[in-house]
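Undergrad: I'd like to ask some things about the structure below.
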Amino acid sequence: MRVLGIDIGGSGIKGAVVRTGKGRLATDRLRIPTPQPATPDAVAATVAEITAHFDWHGPVGVTFPGVVRHGTVHTAANVDPAWIGTDAGRLFSKATGCRVVVGNDADAAGLAEARFGAAREVPGVVIVCTLGTGIGSALLVDGRLVPNTELGHLTLHGDDAERYAAESVRERLELSWADWAARVDEYLHLVEALFWPDRFVLGGGVSKKADKFVPLLTCRTPVVPAALRNEAGIVGAACLAEAAADRHH
Ligand code: BGC
């Protein structure tokens, strides 16, 4: 199956056609800066632009950095609050004329890791954490996703854990790798005490630098970096659409 995958991020919206059997891109990537303010209509116009660029009429998967249930956005911790209550599935379908499935960004990354990456054929419970502007999570049980787990919003030191341990915090506070690793470690200990997973997979751009912090982690759960790198969002977006199509057949 071929699916147009589109990854909505805070600074860029990226898309490419994906071969879902292999998790590989069938075209080059197109990146368009995220419109500011990133309101639903402005983002829908960009999604339509990407679809038109690829002259695409097939299925489309789109990731969004908030809770998405049956196409409707319910939270927007790091994006424009106008999204809350928006039926993004319908909005994007109308804007593009295509069948569009929208899902949470970390869930998309989790599906991609389960199919093609560091959670592939791993039995039991795997938690994929994406460390970026915020912290996203995907809970996989024998490869099946439990969507919208939002573990970045667990409370740590009296606030959302993502405000303590996300990659953006390391950058903003100019933390050393050791200091930031200690924060990530505290966070993983918290998640581990509640879920007892068999494996943590750490994603987000910082997974490229796993050797700088993963060896410093002390949680008992094995930690591995995500296998999908630059293309994780786009491939994950396509996985969302494919998983939805499978459910309807
Ligand atoms: C949002 C999640 C999202 C994560 C990563 C969090 O603030 O609540 O839905 O997956 O950021 O973008």
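The values are calculated or read from the model by the stated rules, or taken from the named source; none is laboratory data. Everything numeric in this text was worked out from a predicted model, so none of it was measured. Quick reminder, even Gly has a Cβ in these numbers, built from the backbone with ideal geometry, and neighbours come from all protein chains shown. Just the protein is used for accessible areas: all its heavy atoms, side chains included, with ligands, DNA and RNA removed. Shrake-Rupley method; radii C 1.70, N 1.55, O 1.52, S 1.80 Å.
Undergrad: Do any residues in the stretch 58-84 that are of a type in the set (Lys, Arg) have Cβ atoms under 8 Å from those of residues that are within 12 Å of the ligand (Cβ to nearest atom), where the two are at least six apart or on different chains, and which pairs are they?
TA: 69/147; 69/148
Undergrad: Identify, from the list 95, 119, 114, the residue that is farther than 22 Å from residue 13 by Cα, open to solvent by 10 Å² or more (accessible area, probe 1.4 Å) and either without any contact (Cβ under 8 Å) to a residue 24 or more places away in the chain or out of contact with any Ser or Thr (no Cβ under 6 Å at 6 or more places or on another chain) (or both).
TA: It is 114.
Undergrad: While we're here: Within the stretch 205-226, work out how many residues are assigned to a loop (DSSP other than H, G, I, E, B) and either farther than 18 Å from residue 168 by Cβ or open to solvent by 90 Å² or more (accessible area, probe 1.4 Å) (or both).
TA: 6
Undergrad: Oh, and also: Identify, from the list 75, 63, the residue that is in contact with a Gly (Cβ under 7 Å, 6 or more places away or on another chain) and either among the hydrophobic types (A, V, I, L, M, F, W, C) or surrounded by fewer than 24 Cβ atoms within 10 Å (Cβ to Cβ) (or both).
TA: Criteria check complete, one pass: 75.
Undergrad: Here's something else I'd like to know. Within the stretch 115-123, is even one residue of a type in the set (Lys, Arg) and more than 16 Å from the ligand (Cβ to nearest atom)?
TA: yes
Undergrad: Could I ask something else about it? Identify the single condition in (1) at pLDDT below 95; (2) aliphatic (A, V, I, L, M); (3) surrounded by fewer than 18 Cβ atoms within 10 Å (Cβ to Cβ) that residue 82 does not satisfy, given that it satisfies every other one.
TA: Among (1) at pLDDT below 95; (2) aliphatic (A, V, I, L, M); (3) surrounded by fewer than 18 Cβ atoms within 10 Å (Cβ to Cβ), residue 82 violates only (1).
Undergrad: Residue 103 passes all but one of (1) part of a loop (DSSP other than H, G, I, E, B); (2) under 17 Å from the mean Cα position of the chain (by Cα); (3) within 16 Å of the ligand (Cβ to nearest atom); which number fails?
TA: Of everything listed in (1) part of a loop (DSSP other than H, G, I, E, B); (2) under 17 Å from the mean Cα position of the chain (by Cα); (3) within 16 Å of the ligand (Cβ to nearest atom), residue 103 misses just condition (1).
Undergrad: Just the residues that are crowded, with 16+ Cβ neighbours inside 10 Å and closer than 20 Å to residue 208 by Cβ, please, taken from the stretch 178-194.
TA: 180, 181, 183, 184, 185, 187, 188
Undergrad: Please return the ranges of strands (runs of 3 or more DSSP E) entirely within the stretch 1-75 where 3 or more residues are among the hydrophobic types (A, V, I, L, M, F, W, C).
TA: Hits in the stretch 1-75: 2-8, 12-19, 60-64.
Undergrad: Let me confirm something: among 85, 61, 71, 66, which residue is out of contact with any helix residue (DSSP H, G or I) (no Cβ under 8 Å at 6 or more places or on another chain) and within 16 Å of the ligand (Cβ to nearest atom)?
TA: So the residue among 85, 61, 71, 66 that is out of contact with any helix residue (DSSP H, G or I) (no Cβ under 8 Å at 6 or more places or on another chain) and within 16 Å of the ligand (Cβ to nearest atom) is 85.
Per-residue answers, yes or no, for (1) closer than 19 Å to residue 9 by Cα; (2) of a type outside the set (Phe, Trp, Tyr); (3) not assigned by TED's automatic domain parsing to the domain that holds residue 208:
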position	(1), (2), (3)
58	no, yes, yes
82	yes, yes, yes
126	no, yes, no
138	yes, yes, no
141	no, yes, no
157	no, yes, no
